[in-house]
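Structure record follows, encoded as structure tokens.
The values are calculated or read from the model by the stated rules, or taken from the named source; none is laboratory data. Predicted model, so just to flag it, every value in this text is computed and none were measured. No Cβ is skipped: glycine too gets one built from the backbone with ideal geometry, and neighbour counts run over all protein chains shown. Just the protein is used for accessible areas: all its heavy atoms, side chains included, with ligands, DNA and RNA removed. Shrake-Rupley method; radii C 1.70, N 1.55, O 1.52, S 1.80 Å.
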Amino acid sequence: MSSRMAGATLLRHLGPRLFAAEPVYSGLAASARGVMPAAARIFPARMASTSSAGADVKEGAAEKLPETAATAAAAATDPQNKKAVVSYWGIQPPKLVKEDGTEWKWLSFRPWDTYTSDTSIDVTKHHEPKGLPDKLAYWTVRSLAVPRDLFFQRRHASHALLLETVAGVPGMVGGMLLHLRSLRRFEQSGGWIRALLEEAENERMHLMTFLEVMQPRWWERALVLAAQGVFFNAYFVGYLVSPKFAHRFVGYLEEEAVSSYTEYLKDLEAGKIENTPAPAIAIDYWRLPADATLKDVVTVIRADEAHHRDLNHFASDIQQQGMKLKDTPAPIGYH
């Protein structure tokens, strides 16, 4: 009896709240609109933020938001301000300008990444192979040059596109593995991590430049996909086994790149390839004059490859002499 009396008492108190007359709805609308008001009557303090009280809470929260967040909200709601994207976390893309005050339009690199290439470097230097590892690296690169010449012949721009997609791999792999070693062994890197990553970034910028000269065909994209997949894994294993051999291999690979760009320049000078105006991205990246041509671009890229050649031969020589890279300062900014 006591339980029945308790149930009757509870029903008497809650009945008016649960079963009061409400507007009649049909279907899902009835269930969605009927349950919430009933629950709101039972828990008024918890469920009362859906109307004017909710607006007051939102207004109070908006007043407490940082200025950057308020700006983000305004930028998101203002259709006339689509370019002004500001993060809720206060991260706002900086407005960059050139030295002449004009707007910086490149997203792939920043004004402080630009430089003037040292084209006085000797592009004819060659490292004579010494010992079996050097000879193996040299003849491996030379054997790869045979199918390359048969496939591309004198189509230099197409060759450059494929070359740069591969040339940007060694610096990234070497820098990544040295980075992991530095973390794993709690030791400094001698600046070689940054030097190798700068090399990889520089090679990537070569690719971004040639994309303004020509667009790869579908089969060239497929070739790049296959070549990069094979080369990345092969070089990764090679660097783990012998960094000395890996750097020597890249040194000879860069010698071939210098030779390829020299042939490119010969055809430009002979008029076999039109010497078009330099892409705007190249003018800004290498700080070339406004009237620079494709020949000027190929010249600075060849100089970059010669610097990469010397850097990797130098890294191999250090290890060949029994020293470690971390004990020999790397030439920072040596494009």
For region 143-152, does any single residue satisfy the condition of being polar (S, T, N, Q), in a helix (DSSP H, G or I) and over 26 Å from the mean Cα position of the chain (by Cα)? yes
Condition (residue is surrounded by fewer than 18 Cβ atoms within 10 Å (Cβ to Cβ) and at pLDDT below 90) applied to region 307-320: is it met by at least one residue? yes
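Just give me the residues in region 255-278 being among the aromatic types (Phe, Trp, Tyr) and over 30 Å from the mean Cα position of the chain (by Cα), in sequence order.
Here is the first cut: in region 255-278, the ones among the aromatic types (Phe, Trp, Tyr) are 261, 264.
If the condition is that a residue be among the aromatic types (Phe, Trp, Tyr) and over 30 Å from the mean Cα position of the chain (by Cα), then no residue fits.
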Could you say whether any residue in region 327-335 is among the aromatic types (Phe, Trp, Tyr), outside any loop (DSSP other than H, G, I, E, B), open to solvent by 60 Å² or more (accessible area, probe 1.4 Å) and closer than 29 Å to Gly131 by Cβ? no
Breaking point among (1) surrounded by 23 or more Cβ atoms within 10 Å (Cβ to Cβ); (2) closer than 25 Å to Ser108 by Cβ, for His179: (1)
Failed item, numbered, when Thr293 is tested on (1) crowded, with 22+ Cβ neighbours inside 10 Å; (2) touching a strand residue (DSSP E or B) at 6+ places or on another chain (Cβ under 8 Å): (1)
Only one residue in Thr165, Thr124 is out of contact with any Lys or Arg (no Cβ under 7 Å at 6 or more places or on another chain), exposed (fewer than 14 other Cβ atoms within 10 Å of the Cβ) and of a type in the set (Val, Ile, Thr), so which one is that? Thr124
Checked Val241, Val237 against criteria (within 26 Å of the chain's Cα centre (by Cα) and on the phi < 0 side of the Ramachandran plot); the one match is Val237
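Have a look at Ala292, Ala315 and point out the one that is among the aliphatic types (A, V, I, L, M) and touching a residue at least 40 places away in the same chain (Cβ under 8 Å).
Numbers: Ala292 fails: touching a residue at least 40 places away in the same chain (Cβ under 8 Å).
It is Ala315.
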Collect the residues in region 206-224 that are surrounded by 11 or more Cβ atoms within 10 Å (Cβ to Cβ) and among the hydrophobic types (A, V, I, L, M, F, W, C), keeping them in residue-number order. Leu207, Met208, Phe210, Leu211, Val213, Met214, Ala222, Leu223, Val224
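Yes/no matrix, rows are residues, columns are (1) assigned to a helix (DSSP H, G or I); (2) surrounded by 14 or more Cβ atoms within 10 Å (Cβ to Cβ); (3) not aromatic (Phe, Trp, Tyr):
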position	(1), (2), (3)
Ala226	yes, no, yes
Gly238	yes, yes, yes
Arg248	yes, yes, yes
Val258	yes, yes, yes
Lys266	yes, no, yes
Ile273	no, yes, yes
Ala282	yes, yes, yes
Val297	yes, yes, yes
Val300	yes, yes, yes
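With Leu197, Leu180, Leu162 as the choices, which residue is in a helix (DSSP H, G or I), closer than 21 Å to Met323 by Cα and under 21 Å from the mean Cα position of the chain (by Cα)?
Working: Leu197 fails: closer than 21 Å to Met323 by Cα; Leu162 fails: closer than 21 Å to Met323 by Cα.
The conditions single out Leu180.
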